[in-house]
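The values are calculated or read from the model by the stated rules, or taken from the named source; none is laboratory data. None of these values were measured; they are calculated from a predicted model. No Cβ is skipped: glycine too gets one built from the backbone with ideal geometry, and neighbour counts run over all protein chains shown. Calculation scope for accessible area: heavy atoms of the full protein, side chains included, ligands and nucleic acids excluded. Shrake-Rupley method; radii C 1.70, N 1.55, O 1.52, S 1.80 Å.
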There are 2 protein chains.
Amino acid sequence: MSHPHPELGSPPALPEGGLRIVALGGLGEIGRNMAVFEYDGRLLIVDCGVLFPEPDQPGVDLILPDFEYIRDRLDDVEAVVLTHAHEDHIGAVPYLLRERRDIPLIGSKLTLALIEAKLTEHRIQPTKLEVIEGERHAFGPFDCEFLAVNHSIPDALAVAIRTPAGIVLHTGDFRMDQLPSDGRLTDLGGFARLGSEGVDLLMSDSTNAEVPGFVTSEREIAPVIDEVIRTSEQRVIVASFASHVHRIQQVMDAAAKHRRKVALVGRSMVRNMGVARDLGYLKVPPELIVDSRDIEEWPPEDVVLICTGSQGEPMAALSRMANRDHPIRIAEGDTVLLASSLVPGNESAVNKVINGLTRWGARVVHKGNAKVHVSGHAAAGELLYVLNLTRPSNFMPVHGEWRHLRAHAKLATLTGVPEDHIVIAEDGVVVDLVDGRARIVGAVHAGYVYVDGSSVGEITDTSLKDRKILGDEGFISVVIVVDSNTGKLTAGPEIHARGSGIDPMQFDEFIPQIERALAEKAADGVVDMQEIRRVVRRTVGRWVSDTYRRRPMIIPVVLEV
Amino acid sequence: MSHPHPELGSPPALPEGGLRIVALGGLGEIGRNMAVFEYDGRLLIVDCGVLFPEPDQPGVDLILPDFEYIRDRLDDVEAVVLTHAHEDHIGAVPYLLRERRDIPLIGSKLTLALIEAKLTEHRIQPTKLEVIEGERHAFGPFDCEFLAVNHSIPDALAVAIRTPAGIVLHTGDFRMDQLPSDGRLTDLGGFARLGSEGVDLLMSDSTNAEVPGFVTSEREIAPVIDEVIRTSEQRVIVASFASHVHRIQQVMDAAAKHRRKVALVGRSMVRNMGVARDLGYLKVPPELIVDSRDIEEWPPEDVVLICTGSQGEPMAALSRMANRDHPIRIAEGDTVLLASSLVPGNESAVNKVINGLTRWGARVVHKGNAKVHVSGHAAAGELLYVLNLTRPSNFMPVHGEWRHLRAHAKLATLTGVPEDHIVIAEDGVVVDLVDGRARIVGAVHAGYVYVDGSSVGEITDTSLKDRKILGDEGFISVVIVVDSNTGKLTAGPEIHARGSGIDPMQFDEFIPQIERALAEKAADGVVDMQEIRRVVRRTVGRWVSDTYRRRPMIIPVVLEV
């Protein structure tokens, strides 16, 4: 089994007849999935998603894969295959298209309809959208076969990529629901057929590799949702992901059964469900839906609201309801149903929302106290099926943090994949499939690219370190004006501090210390501005540290007149 | 059932013969437990703990209860009863003793030994420590009876407080382990006897009120720990709380059985286990313990390290091992056992630690994949026993967030406590027990007091708001020097920015805009410094918002010469 090699250097040239695989995201993290395949100088990309920031990445809106590795070779890209329309698989497409507008986007009907709606919001008119109709299609040297997989969004695909280097099967995200409501099963028959043909490399979803056993069927949620709505005396508010068409279908079915009207709340919910309905993925009985702005006209017991915000996003409707900062005011007897997963990293935010809603008297039903969510990702017991059916010569776990990749690798060894044919790679690690063997041959840069406001990539890790210091400790700026000839103080020191928690009165007492330190320097005949800055920084830093045991950022500003 | 009343005013005077209860912490949050009882002008305090900060309280070390409510009445305090030695029950004692040194501290032997060690670190010499020996002791008008409870630290107590107003039973934190290794059961017989006598108000631990069923016995962990150590080929590193004597006893027993040496890592672990051993709560076989600095002298297969850091605390040994920033370098084949709960709010930090350890090749065993932790708090099924045995006239759930308090209140109604005899109070809400009825009569201020570095209470919510803005967006300061007569620019504008993610080169292009805006003002004949600041702030703010769609903090600094 290959282990992390922080010392990996630049990769050698790709041998003729070899296939190169570089993940720019999704390995070592859950999110921003993007894999770049190279054969004979041509590139195929599978997915192009975003990662959502953690608390130690403050102020960041989104994290993109770093396109630097392919930036000079965008013309070599034959296509971007989008396995399904979740943000962690399509969210970075608008940013990639900014760099080359006419990259062909390939996917199923719903996937492309949702990416098109997204691109429209970004004011990007894609030039090439190609819906997978048949099962097989070649993009340059990449002969792709698409296989149905079941996931927590309809119309998801796995892709088998055939090149002279061999067959690579990339599962995308999948689960193995054996009783899906739309009858669209993960195509295990297809996986078996590929296995017989010979899968040279399996790249398989590792998200739930640590979870033992099996994921129950989505349809097992229906009776629970039905019961929640049946027993609710007032309004029912359901929060879910805006892409979970089947979950929302179940909510709508239960609402219709209990003669409640449904209102959709939240821009992405309204947009996506519109697309899903137009394309026939969502079946909405006539007159079920009412406009959320008119919802107060209906008695509370006749209403189901479906909204976003299940992850505690502070600006979403649900958080604002919890804070009494939304037109819909939670009242005693209301029921809130969080029909969604709890994405790691969001625990505190969701807990705050649950407490806020509970405080105002709502009953909150969530996956912690009722069977209102099943995962969209196959668990360990199911991943074994895929490994056994495909019998890959080489295995590379994808879509997961280290803990998930390692757990998945362990499962592969249990099914008989030799340890030295298992590649655990991180983002940027270069894997070559040559003569039937997958090996790590080097690494390229694959850092985080931060989106903040309208700018992409301008926020760096240095900015984030500064934000961390500023956020934890605040800052103190000391402004002085000195005579450039004598080095003597002309004005100031003026001290400004924010977030430091130090009473400004304290500064007045301290200013003489700065003046004394500067006067000493001036007496030395020093007029070096750098040196004056250093003196100010050191004097203030020592005072704060000694007096308060704190380390705010200290900004000395010296102006000359 | 009483509901939140944001409009609660100051409480009226306490009627003669009535008992007043004000929680300064622990209601609406898990932590900083502190309840103040008042009878006939005298005060009794139960617990005095700290709360650990959430991600939206950056840079804060600890959060204390606000002592303002009792500050003028410290001389009326008869005693502080400490139910057990967890930080959320004793952590604020040093800060309270700073305000009055000779407040008597009452508790069991281990509790007082641990608080004494803590006070010594704070360089505080307490004057009155009183170990509970008998079961009953009066402190002024408060006739207290102490009852054993089982918890995740030895020697925990519940307290029944008798005054002419009635009997209040405060459970402290407890669980109902029916097979505790030290044989010290929660005294349900005592609870039943009090129930027969007549409990006028039950205040009971709500932490696990949402968890259905029962908590299994601590001893069920022993075979799992044994198996983990038996099957480990290299080092075993166990992370746990530094107060969990019984858990650490089980680890030491298993280590001894498998002929491994044990080293303790971490200041609080070494300190607390020393106290527990000296007092006989921890049984350590001779020659089991070795100094952690000598650990490299032993073969990896002969070693168990016990350390802190199970909550992902960044400075603790475990996090530093995960980051390869510790003398103990994790290697393939090492086993790390997180034998602890995962405290809400720490999920991301612990996940990072697990991924880091896994990346270096460690097997990580935690409560998610093995039965290596049981909770220290009674679950819903067990809380019903306490309600049924004590049959309280009034019930007030304590120690919990809103979700837990509400869930516990629901349990009380199921056992027959009338809804209007249940009081759900938040921190600061004043509850009076008068003529056998507990009622909310008002509220006092009970905000957060932040400890940051050596200062207490100097960080305010305003400072935290500033830190939030600085942490998310950084700042831009614009310094100008103007002639106080003409308002004309003498020096600057000099722009400094940190954490804003804006390239300083951009400022150079923007400076003329500021100069122009100032020149316009000067032409108007305006020399008002406030107005100049406003112009700078507005000009810069608009530019950043339009160009970058961001909102950094903008600090205009205007000096006059």
> Quick one: which of A:Lys465/B:Lys468; A:Lys261/B:Lys410; A:Lys109/A:Lys283 span more than 19 angstrom between C-alpha atoms?
Replying inline: A:Lys261/B:Lys410
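Over segment B:42-139, what is the relative contact order in percent, taking alpha-carbon pairs closer than 8 angstrom and at least six residues apart?
Numbers: 149 pairs, mean separation 27.4, N = 98.
Contact order relative to length: 28 percent.
How far, in nm, would the chain grow between B:Val284 and B:Leu384 when pulled straight, counting 0.36 nm per residue and subtracting the alpha carbon separation?
On the way: separation 100, 0.36 × 100 = 36.00 nm, distance 3.74 nm.
My answer for the length gained is 32.3 nm.
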> If contacts are Cα pairs under 8 angstrom and at least 6 residues apart, what is the relative contact order of chain B in percent?
Replying inline: 17 percent
> At a 1.4 Å probe, which residues in segment A:385-410 are at least 20 Å² less accessible with all protein chains present than in their chain isolated?
Replying inline: A:Glu401, A:Trp402, A:Arg403, A:Arg406
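For segment A:261-319, which trypsin sites (Lys or Arg not before Pro) are both in a DSSP coil and crowded by at most 13 other Cβ atoms within 10 Å? The partial results should precede the final answer.
Values: sites: A:Lys261, A:Arg267, A:Arg271, A:Arg277, A:Lys283, A:Arg293; in loops: A:Lys283.
Sites meeting the loop and neighbour criteria: A:Lys283.
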>> Buried by at least 30 Å² relative to the chain on its own: which residues of segment A:328-366 qualify, computing accessible area with a 1.4 Å probe on protein heavy atoms?
In response: A:Glu332, A:Glu347, A:Ser348, A:Asn351, A:Lys352, A:Asn355, A:Thr358, A:Arg359
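With Rg and the Kirkwood Rh both taken from Cα atoms, where does Rg over Rh land for segment A:461-560?
Numbers: Rg = 13.8 Å, Rh = 13.9 Å.
In segment A:461-560, Rg relative to Rh is 0.99.
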>> If you take every residue apart from B:Val275 with its C-beta less than 11 Å away from the C-beta of B:Val275, what net charge results, scoring Lys and Arg +1 and Asp and Glu -1?
In response: +2
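Excluding ligands, DNA and RNA, what is the accessible area buried between chains A and B, summed over both sides, using a 1.4 Å probe, to the nearest 100 Å²?
5500 Å²
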> So if we plug the beta-carbon distance of A:Glu297 and A:Thr231 into 1/(1 + (r/R0)^6) with R0 = 22 Å, what FRET efficiency do we get, rounded to 0.05?
Replying inline: 0.35
>> List the lysines whose Cα sits under 26 Å from the Cα of B:Lys521, skipping any in the same chain fewer than 8 residues away.
In response: B:Lys488
> What spacing in nm lies between the two simple spin-label points modelled at B:Arg538 and A:Val343, each 7 Å away from Cα in the Cβ direction?
Replying inline: 4.0 nm
>> Going by amide H atoms built from the backbone, whose H comes under 5 Å of the H on A:Ala79, apart from near neighbours?
In response: A:Ile45
> Just from the alpha-carbon atoms, what are the Rg and Dmax of chain A in angstroms?
Replying inline: 28.3, 88
> What gaps in nm, shortest first, separate B:Gln178 from its twins in the other copies when you place the label 7 Å past Cα toward the beta carbon?
Replying inline: 3.7
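Restrict the search to segment A:1-99; then list the trypsin sites (Lys or Arg not before Pro) that DSSP places in a loop and that have at most 12 other Cβ atoms within 10 Å of their Cβ.
Working: sites: A:Arg20, A:Arg32, A:Arg42, A:Arg71, A:Arg73, A:Arg98; in loops: A:Arg32, A:Arg73, A:Arg98.
Here the sparse-neighbourhood loop sites are A:Arg98.
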> On average, how much accessible surface per residue is there in segment A:218-365, in Å², for a 1.4 Å probe, leaving out ligands, DNA and RNA?
Replying inline: 42 Å²
>> I'd like to check one number: the per residue accessible area of segment A:461-560, probe 1.4 Å, reported in Å² as a whole number.
In response: 48 Å²
> Quick one: with all protein chains in place, what share of the accessible area of the protein assembly as shown is carbon or sulfur, to the nearest percent (1.4 Å probe)?
Replying inline: 49 percent
> Between exposed GluC sites (Glu not before Pro) in chain A, where DSSP calls loop and at most 12 other Cβ atoms lie within 10 Å, what's the longest gap?
Replying inline: A:333-561
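Percentage of Cα-Cα pair distances in segment A:3-116 greater than 25 Å, rounded to whole percent?
Working: 1641 of 6441 pairs.
The proportion of pairs with Cα distances above 25 Å equals 25 percent.
Could you compute how fast segment A:117-196 diffuses translationally, taking Rh as the Kirkwood radius over C-alpha pairs and applying Stokes-Einstein at 37 °C with viscosity 0.692 mPa s? Give it in µm² per second.
In µm²/s, the coefficient rounds to 229.
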> How many nanometers, to one decimal and shortest first, lie between the label point of B:Ala523 and those of its other copies, if labels sit 7 Å from Cα toward Cβ?
Replying inline: 4.9
>> Consider the operator that turns chain B into chain A: which B residue has a Cβ nearest its axis, and what is that gap in Å?
In response: B:Gly471, 1
>> For q values of 0.05, 0.07, 0.10 Å⁻¹, compute log₁₀ I(q)/I(0) with the Debye formula on a Cα-only model of the protein assembly as shown, without solvent.
In response: -0.39, -0.78, -1.46
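How many percent of all Cα-Cα pairs in segment A:373-531 sit more than 24 Å apart?
Details: 8159 of 12561 pairs.
Cα-Cα pairs in segment A:373-531 separated by more than 24 Å: 65 percent.
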> Using modelled amide H (1.01 Å from N, peptide plane; none on Pro or chain starts), what sits under 5 Å from the amide H of B:Ala23, excluding residues fewer than 5 places away?
Replying inline: B:Val36, B:Gly428, B:Val429
>> What value in Å³ per residue do you get for the convex hull of the alpha-carbon atoms in segment A:218-365?
In response: 101 Å³
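How high is the FRET efficiency from A:Gln513 to B:Asp435, r the C-beta distance, R0 56 Å, rounded to 0.05? Mind dumping the intermediate values first?
Numbers: r = 62 Å, r/R0 = 1.11.
It comes out at approximately 0.35.
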> Given chain A, what percent of its DSSP beta bridges are antiparallel, to the nearest 5?
Replying inline: 55 percent
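Per DSSP helix of 4 or more residues, -39500 (n - 2.57); summed, then divided by the residues of chain A. What does that give at 222 nm, rounded to the nearest 500?
Details: 15 runs with 166 residues, N = 561.
Mean residue ellipticity, 222 nm, calculated: -9000 deg cm²/dmol.
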> For the pair B:Asp325 and B:Glu220, how long in nm is the line joining their label points, each one 7 Å along Cα→Cβ?
Replying inline: 3.8 nm
